[in-house]
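This report concerns only the one structure given below.
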Amino acid sequence: MKPRPRQLRSALVLLAVLLLAGGSLGYVLHARNRELPSRPSAGDGSFGLAEPGLYFRDSATGLVARQSGSGGPRVTGGPSCERFYTAGDRALCLRKLPGIPARTQALVLDGQLREVNRATVPGIPNRARVSASGHLLSWTTFATGDSYATSAFSTRTSILDLRTGYLIKSMEEIPLAVDGARYHAPDVNYWGVTFAADDNRFYATVSSRGRTHLVEGDLRNWSAKALRENAECPSLSPDNTRIAFKKKVSDDPAAPWRPYVLDLATMNEHPLAESHSVDDQAAWLDDTTVGYALPGRDGRASDIWSVPADGTGEPRLIVPGGSSPASVR
């Protein structure tokens with residue numbers, strides 16, 4: 001007995017619905033599987049954060065490396081990162097994903113540099129920081145443009161609290177006060193976060209209407225206030241009393257910044273003994289020394305230098321062919 005036209009149409013509609021449902025389910029499962037964590041290479045398993053020394057990105061390989069002592073041997077065995085930082089028992093690795101538009105993968109790593117969490121955000125990797133306890137992480141990406149030396153850039157900065165799993169996707173949501181009044185502007189950009197030891201207070205750069213501000217933030221009270229102008233990419237000292245930062249001293253786009261240190265108790269600042277323009281978020285190697293990356297010599301992408309934090313002495317090359325320094329003691 002042949003099916004009637006109405007029955008045939010109903011059967012075809014039901015088949016189509018089932019096929020579409022199956023296709024949708026397959027896409028969901030495929031997408032979910034695609035988002036499952038992949039473990040970045042940690043070498044032979046012996047490379048981790050247990051060994052004290054200077055950890056950094058090796059320019060030649062793109063892998064995280066370690067150097068023990070001044071001028072000691074370089075050991076390369078960590079994951080591939082474009083920006084890296086570590087503190088406590090956690091590390092943050094930023095990778096640029098292929099394709100257009102630009103996207104960045106922020107990988108949270110444990111003490112063996114194995115992936116434990118990840119987030120994917122728009123933009124190009126730029127800044128990475130971890131609080132001293134390892135509980136808080138922050139990253140900045142360039143959403144448009146690729147240089148702070150131009151006005152045609154936009155950033156996105158996030159904060160992840162590993163204690164709760166809460167992710168602040170964009171710090172622009174935090175209420176901001178400038179000169180004691182609530183500040184609103186469509187071009188507010190945050191970048192370069194650094195955390196205090198209490199895992200609540202933070203410092204960062206805010207840019208708006210052609211001006212940059214050093215801001216102090218309070219995560220519990222969900223607020224931020226501008227402390228002073230012309231202080232970018234802050235880095236809080238281990239004793240939480242000083243901030244290393246880059247200050248704009250010239251309108252020359254090839255060399256606009258110099259490194260400075262600000263005393264938070266007196267709000268007095270002094271320049272460091274580095275005469276080159278430093279476009280980096282410096283890292284404190286100890287209570288008295290600041291490290292940073294400069295364009296490399298002999299064709300290298302970058303080198304890591306250090307300089308005394310009190311403004312004395314002179315710069316010293318400590319890692320040829322490296323960037324993203326972080327000291328583990």
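The values are calculated or read from the model by the stated rules, or taken from the named source; none is laboratory data. Everything numeric here is computed off the predicted structure, so don't read it as measured data. FYI the Cβ positions are ideal-geometry reconstructions off the backbone, even for glycines, and counts take in every protein chain you see. Side chains included, ligands, DNA and RNA excluded: accessible areas come from the protein's heavy atoms. Shrake-Rupley method; radii C 1.70, N 1.55, O 1.52, S 1.80 Å.
So which residues in segment 113-124 are within 20 Å of THR205 (Cα to Cα) and open to solvent by less than 10 Å² (accessible area, probe 1.4 Å)? So that I can check it myself, show each step before the final result.
At the first step, the residues of segment 113-124 found to be within 20 Å of THR205 (Cα to Cα) are 121-124.
Listed by number, the list holds a single entry, GLY123.
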*Please go through segment 269-291 and pick out each residue that is over 26 Å from ASP252 (Cβ atoms) and not in a strand (DSSP E or B).*
ASP287, THR288
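Here is a yes/no grid of residues against (1) charged (D, E, K, R); (2) more than 20 Å from the chain's Cα centre (by Cα):
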site	(1), (2)
LEU236	no, no
LYS248	yes, yes
SER275	no, yes
GLN281	no, no
PRO308	no, yes
LEU317	no, yes
*Of all residues in segment 292-310, count the ones that are assigned to a loop (DSSP other than H, G, I, E, B) and open to solvent by less than 10 Å² (accessible area, probe 1.4 Å).*
1
*asked:* Condition first: closer than 17 Å to TYR166 by Cα and surrounded by fewer than 17 Cβ atoms within 10 Å (Cβ to Cβ). Now tell me which residues in segment 125-142 satisfy that.
replied: SER133
*Taking segment 311-326 on its own, how many of its residues are open to solvent by 40 Å² or more (accessible area, probe 1.4 Å), closer than 18 Å to ASP280 by Cβ and polar (S, T, N, Q)?*
0
_Scan segment 192-208 and tell me whether some residue there is surrounded by fewer than 13 Cβ atoms within 10 Å (Cβ to Cβ) and either in a loop (DSSP other than H, G, I, E, B) or acidic (Asp, Glu) (or both)._
no
*Restricting attention to segment 61-69, does a residue exist that is at negative phi, surrounded by fewer than 14 Cβ atoms within 10 Å (Cβ to Cβ) and modelled with pLDDT of 95 or more?*
yes
*Is one or more of the residues making up segment 85-101 free of Cβ contacts under 8 Å to residues at least 60 places away in the same chain and among the polar types (S, T, N, Q)?*
no
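Taking segment 70-82 as the region of interest, how many residues are on the phi < 0 side of the Ramachandran plot and not in a strand (DSSP E or B)?
Taking segment 70-82 and keeping what is on the phi < 0 side of the Ramachandran plot, we get 70, 72-82.
Cutting the leftovers down to not in a strand (DSSP E or B) gives us 70, 72-73, 81-82.
The number of residues fulfilling the criteria is 5.
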*Of the conditions (1) part of a strand (DSSP E or B); (2) open to solvent by less than 20 Å² (accessible area, probe 1.4 Å), GLU216 clears all except one; give me its number.*
(2)
_All positions within segment 83-102 that are of a type outside the set (S, T, N, Q), buried (at least 17 other Cβ atoms within 10 Å of the Cβ) and in a strand (DSSP E or B)_ = ARG83, PHE84, TYR85, ALA87, ARG90, ALA91, LEU92, CYS93, LEU94, ARG95
*Residue in segment 166-174 that is over 17 Å from ASN126 (Cβ atoms), in contact (Cβ under 8 Å) with a residue 24 or more places away in the chain, open to solvent by 60 Å² or more (accessible area, probe 1.4 Å) and assigned to a loop (DSSP other than H, G, I, E, B) present*: no
*Pairs only if they're at least six apart or on different chains, beta carbon under 8 angstrom, first in segment 304-329 and without any contact (Cβ under 8 Å) to a residue 60 or more places away in the chain and within 15 Å of SER235 (Cβ to Cβ), second open to solvent by 50 Å² or more (accessible area, probe 1.4 Å) and outside any loop (DSSP other than H, G, I, E, B); list them, first residue then second.*
TRP305/ARG316; TRP305/LEU317; SER306/ARG316; VAL307/ARG316
_Residue under evaluation ARG156, criteria (1) in a strand (DSSP E or B); (2) under 27 Å from HIS270 (Cβ atoms), criterion not met_ = (2)
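Where residues in segment 46-60 are of a type in the set (Gly, Ala, Ser) and open to solvent by 80 Å² or more (accessible area, probe 1.4 Å), which of them is modelled with the lowest pLDDT? Reasoning before the result, please.
Start the filter on segment 46-60 by keeping residues that are of a type in the set (Gly, Ala, Ser), which leaves 46, 48, 50, 53, 59-60.
From what's left, open to solvent by 80 Å² or more (accessible area, probe 1.4 Å): 46, 50, 60.
On the way: SER46: 70, ALA50: 93, ALA60: 94.
Looking at residues that are of a type in the set (Gly, Ala, Ser) and open to solvent by 80 Å² or more (accessible area, probe 1.4 Å), I get SER46.
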